[in-house]
Amino acid sequence: MTTFAKEESATETSIRRPPASAPSHHARSLLEIGGRRMPFMRWSFIRLLLSLRRLMRVWQVGDGREERLAGYVVENAHERDLDDVIRAIDEYSYSRSYMINVGDEKGAILDEAVRRARPSQLLELGTYCGYSALRMCRAMPDGARLVSIEFNAANAVIARRILEYAGVSDRVAVLVGTLGDGGLTIASLEAEHGFSAGSLDFVFIDHDKSAYVSDLELILSRGWLHPGSVVVADNVKFPGAPDYRAYLKECQDVRWRTIEHEAHLEYQSLLRDLVLESDYLGG
Ligand code: MG
């Protein structure tokens with residue numbers, strides 16, 4: 001079996017620290033053991049675990065934290081300041097409600113992949129509240145355009161509000177749907193967003209873990225990718241997308257060349273996660 005190249009995240013040593021305005025030292029000491037942040041001691045994380053089934057079905061936790069995030073951003077971040085909006089979302093996720101954004105640690109891996117690919121056209125599967133779309137906007141070249149697809153219409157409204165507030169709504173389109181919705185979303189991408197043979201340079205997959213392989217196959221079947229296109233996938237270890245990992249391993253150095261980035265699940269340093277970064281070789 002082909003062994004994947006492994007790469008420790010370059011940010012590994014710099015991500016343990018929460019943002020400056022995260023919980024006070026005293027509060028943090030209650031949340032950490034030996035310097036490790038304990039997600040299980042945060043009520044908002046327990047609440048999320050209790051709602052995991054619902055979350056994986058409807059992509060909202062069910063306690064209004066997604067709506068509250070948009071309000072928090074508007075109240076606490078400077079308008080049209082991309083860096084500050086990203087900072088405010090991280091702050092909210094550390095100090096208010098645990099969120100399933102890609103987060104600051106894995107977000108830095110995503111940033112680097114976007115910078116390396118220098119994409120003109122990007123696709124995201126799983127907008128959620130727009131956090132990773134903001135990071136991709138910051139890292140992608142001027143003139144690049146991102147289309148982000150979100151299953152939950154309420155999340156799409158929240159994401160659009162945050163993207164608009166950050167001043168990047170002209171660079172990102174949020175579509176409600178899925179690639180597997182019978183052709184509606186695919187038709188929209190091709191008719192309204194310029195998706196065509198070889199046009200797609202970068203894909204970020206961060207939605208329904210059971211759809212990673214089928215959606216990548218759908219993308220391949222449309223011929224949108226070209227040799228050199230880059231596909232990044234979140235949560236390959238937790239909650240886990242083992243079939244996606246096996247799929248890429250199977251065609252390592254033939255159709256894909258994949259690097260596995262070891263990291264942690266977002267906004268804590270206890271649970272491990274993997275981000276896969278794959279170069280399409282063609283074929
Ligand atoms: Mg994720």
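Throughout, read-outs are computed from the coordinates displayed, never taken from laboratory work. Please read all numbers here as calculations on a predicted model, not as lab measurements. Cβ placement follows ideal geometry from the backbone for every residue including glycine, while neighbour counts extend to all protein chains displayed.
Taking the DSSP beta bridges in the chain as the whole, what percent of them are antiparallel, to the nearest 5?
So the antiparallel bridges amount to about 40 percent of the total.
Using a simple charge model, +1 on the beta-carbon of Lys and Arg, -1 on the beta-carbon of Asp and Glu, nothing else, what dipole does region 164-245 show about its Cα centre, in debye to the nearest 20?
The calculated dipole for region 164-245 is roughly 260 debye.
Taking the alpha-carbon centroid of each part, what is the distance from region 47-85 to region 197-227 in angstrom?
Rounded to whole Å, the Cα centres lie 26 Å apart.
Along each principal axis of its Cα atoms, how long is region 165-251 end to end? Whole angstroms, biggest number first, please.
Extents along the principal axes: 36, 32, 28 Å.
If packing is taken as the mean number of other Cβ atoms within 10 Å per residue, what is the order of 110-117, 74-81, 56-63, highest first?
Per-residue mean Cβ counts within 10 Å order the peptides as 110-117, 56-63, 74-81.
If you bin the C-alpha pair distances of the chain every 5 Å from 0, what whole percents do you get?
P(r) for the chain, in whole percents per bin: 1, 6, 13, 17, 20, 18, 13, 8, 3, 1, 0, 0.
Among Asn76, Leu49, Tyr98, pick out the residue whose Cα is farthest towards the positive end of the charge dipole of region 40-108, where Lys and Arg carry +1 and Asp and Glu carry -1 on C-beta, about the Cα centre.
Value: Leu49.
For the chain, with the dipole built from +1 on Lys and Arg beta-carbon atoms and -1 on Asp and Glu ones, taken about the Cα centre, which of Thr258, Val147, Gly194 lies farthest toward the positive end?
Thr258
For the pair Glu79 and Ala153, what calculated FRET efficiency results from E = 1/(1 + (r/R0)^6), where r is the Cβ-Cβ distance and R0 = 22 Å, to the nearest 0.05?
The value I calculate is 0.35.
About its Cα centre, how strong a charge dipole does the chain have in debye, to the nearest 20, once Lys and Arg get +1 and Asp and Glu get -1 at the Cβ?
700
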